[in-house]
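Participant: Sharing a structure with you now.
The values are calculated or read from the model by the stated rules, or taken from the named source; none is laboratory data. Note that the structure is predicted; figures quoted are calculated from it, not measured. Cβ: placed from backbone, ideal geometry, glycine included. Neighbour counts: every protein chain shown. For accessibility, only protein heavy atoms count, side chains too; no ligands or nucleic acids. Shrake-Rupley method; radii C 1.70, N 1.55, O 1.52, S 1.80 Å.
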Amino acid sequence: MDREQEEMQFLGLFDIYKESYKIILSWKKIFSQITLTLILPLSFIFLIHIEVSNFLFRKIMHNTQEIIETQQGTPQYKKLSDILSSEWATFFFFKLVYFTFLFIFSLLSTSAVVYTIASIYTARDVTFNKVMSVVPKVWKRLMVTFLCTFVAFFAYNAMTVFVIFIWALTIGVHSGAIVILVVIAILYLIGFVYLTVVWQLASVVTVLEDSCGFQAMMISKELIKGKMGLSILIFLKLNVSFVLIQFLFKKAVMQGWGMSSVGYGILCFSLLPHLFLFGLVIQTVLYFVCKSYHHQNIDKSALSDHLEVYHGEYEPLKAKDVQLEHYNV
């Protein structure tokens with residue numbers, strides 16, 4: 001990152017993409033190591049989850065259809081009932097294992113990428129071994145932020161369900177009410193995207209500042225003010241790319257496109273880690289853009305000193321030392 005921070009505020013969408021791409025290319029070796037160690041397993045976990053979930057769910061649907069057509073009280077019905085119970089238990093256990101590993105590798109990947117870019121920004125000597133020694137310590141703070149975000153999403157979804165329940169009781173289902181339901185759905189999606197953008201930037205805040213949890217989310221909320229449109233556009237473009245890869249994998253590998261299925265599967269498996277890495281780098285660059293937009297200069301020497309603390313007994317980064325040094329434009 002060879003730009004002065006004062007200039008970062010003027011970066012647009014494609015400028016952020018260009019800056020992120022330059023960072024990855026300039027430090028290809030360490031980002032390749034991070035990708036192979038953390039992001040590639042994350043991509044494998046995600047894609048294999050699609051395949052296994054679909055296989056298990058197909059078996060459940062098949063046996064459900066059979067039990068519907070079987071007379072109750074017969075030995076066949078009891079056997080199918082036991083099989084279904086076992087299959088549902090397997091399905092939910094697999095989901096639990098999947099989300100556990102997805103959660104772990106997502107936070108580890110975020111920790112590694114954000115710390116690496118911060119080290120590059122402060123011109124520190126950064127190696128893969130240094131990054132991996134820091135990751136477990138940063139991961140603990142990211143876990144706190146994730147859990148607080150989970151609480152926020154849970155409250156938001158609970159509130160949405162409550163609103164829909166009140167709507168159903170008071171208005172009921174008719175042509176005019178459907179319009180209201182569509183409006184509620186649109187507002188829900190807007191709020192969901194906003195919360196997700198806040199969470200993603202809060203993850204960077206957690207690594208680079210002494211705030212985590214709800215405090216990091218509040219800082220993130222303030223930072224994206226003025227850059228809301230840019231933040232949401234980046235989120236949507238990355239997620240559209242993500243959905244397209246997922247769609248291609250489902251169509252080619254799971255539904256089968258003949259001999260080309262293997263080729264498309266390999267293509268998806270190679271594209272997904274690059275997308276994950278690119279998204280994490282963009283997320284970090286966006287943090288610096290937002291800081292610059294709000295005229296909050298980051299003291300590189302102080303940030304460098306505090307990054308060094310990660311290699312010893314962990315101490316939180318101090319906001320007064322690392323950032324919030326305002327400059328005049």
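Participant: Check Gly226: other-chain or 5+ apart residues with amide H under 5 Å from its amide H, H built from backbone geometry?
Facilitator: Amide H neighbours of Gly226: none.
Participant: For region 70-126, report the accessible area per residue in Å² (1.4 Å probe, heavy atoms, rounded to an integer). Each step should come with its number before you reach the end.
Facilitator: Details: 2960 Å² over 57 residues.
Heavy-atom SASA per residue in region 70-126 reads 52 Å².
Participant: Give me the accessible area of Phe165, 1.4 Å probe, in Å² rounded to the nearest 10.
Facilitator: Per-residue accessible area (Phe165): approximately 120 Å².
Participant: Set the Förster radius R0 to 25 Å, insert the Cβ-Cβ distance between Leu169 and Ile190 as r into 1/(1 + (r/R0)^6), and round the FRET efficiency to 0.05.
Facilitator: Numbers: r = 24 Å, r/R0 = 0.98.
E between Leu169 and Ile190, to the nearest 0.05, is 0.55.
Participant: Under a point spin-label approximation (7 Å from Cα along Cα-to-Cβ), what is the Val182-Ala152 distance to one decimal in nm?
Facilitator: Roughly 3.1 nm, to one decimal.
Participant: May I ask you to compute the full-extension gain from Glu222 to Leu102, defined as 0.36 nm times their residue separation minus their alpha-carbon distance, rounded to one decimal in nm?
Facilitator: Full extension of this stretch gives 40.3 nm more.
Participant: Using 7 Å Cα-to-Cβ label points, what is the Asn129/Ala89 separation (nm, one decimal)?
Facilitator: 4.8 nm
Participant: On the protein heavy atoms, probe 1.4 angstrom, tell me the percent of accessible surface of region 49-134 carried by carbon and sulfur.
Facilitator: Numbers: 3050 of 4710 Å².
On region 49-134, the fraction of accessible area on carbon and sulfur atoms equals 65 percent.
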